[in-house]
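Chemist: Attaching a single structure in structure tokens format; questions to follow.
The values are calculated or read from the model by the stated rules, or taken from the named source; none is laboratory data. Quick caveat, the model's predicted, so the values are computed rather than measured. Ligands, DNA and RNA are excluded from the accessible area calculation, which covers all protein heavy atoms including side chains. Shrake-Rupley method; radii C 1.70, N 1.55, O 1.52, S 1.80 Å.
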Amino acid sequence: MASATDSRYGQKESSDQNFDYMFKILIIGNSSVGKTSFLFRYADDSFTPAFVSTVGIDFKVKTIYRNDKRIKLQIWDTAGQERYRTITTAYYRGAMGFILMYDITNEESFNAVQDWSTQIKTYSWDNAQVLLVGNKCDMEDDRVVSSERGRQLADHLGFEFFEASAKDNINVKQTFERLVDVICEKMSESLDTADPAVTGAKQGPQLTDQQAPPHQDCAC
Ligand code: GDP
Ligand code: MG
């Protein structure tokens, strides 16, 4: 289960020609909010209505082009441990980005966001970036958490916010791409101010200062 690079910092990989950076991303949140479905939708473009037990699944890999770079995403799914809301600290190690998910039809999952956020802050790297995602926005009739409350909580926690649907494929790709962009922005900022002798990034990744995609909320 060791990652190809244990860097906490998306180290440039020269040994593998197939990508410039690798980012470890974690999807976190209460059980049954749709984390596994969200990952399957993004990585395989598939959706299974039946509850899929996550046991045995560690991560999926997807390589994307962003900012002129080939970025390999190693996206981790929790193997059922989220039921106990205590995930091993090893799981958080080296993660550069988090998708913190709740279900817009489940108040309890929304109330747990604060706890998950505390876990991230406690166990992860300080510069890890977090996006708050309200999933299942296709189920408007069953909605119990308004978009406004989601947005307010995200603002309060300092995260960006999306509503999404793994089922109807709404804002799934956008969520991952935005997360990659904020990680790149952060990395670029840090490298600008870092001492190259310390970081070993002599040439520094010349990430282009591309405009982020417009913020998209759920259209359903
Ligand atoms: P996890 O425990 O967070 O990994 O959640 P799962 O991905 O296993 O999903 C739990 C249940 O919610 C399953 O029955 C999924 O089919 C369903 N589900 C997941 N995402 C969505 C969604 O966007 N919309 C709807 N309507 N159902 C979803
Ligand atoms: Mg799961």
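Chemist: Taking θ = phi - 60°, what integer Hz values does the Karplus form 6.51 cos²θ - 1.76 cosθ + 1.60 yield along region 65-79, in sequence order, with x for Gly and Pro?
Modeler: Computed from phi, the couplings for region 65-79 are 9, 8, 6, 6, 10, 8, 10, 8, 9, 10, 9, 9, 10, 7, 7 Hz.
Chemist: Search the structure for amide H atoms under 5 Å from the amide H of residue 78, placed 1.01 Å from N in the peptide plane, and list their residues when 5 or more places away or on another chain.
Modeler: Amide H to amide H, under 5 Å and 5 or more residues apart or across chains, residue 78 pairs with 27.
Chemist: Right, next: Please calculate the 1.4 Å probe accessible area of residue 142, with all protein chains present, and give it to the nearest 10 Å².
Modeler: 80
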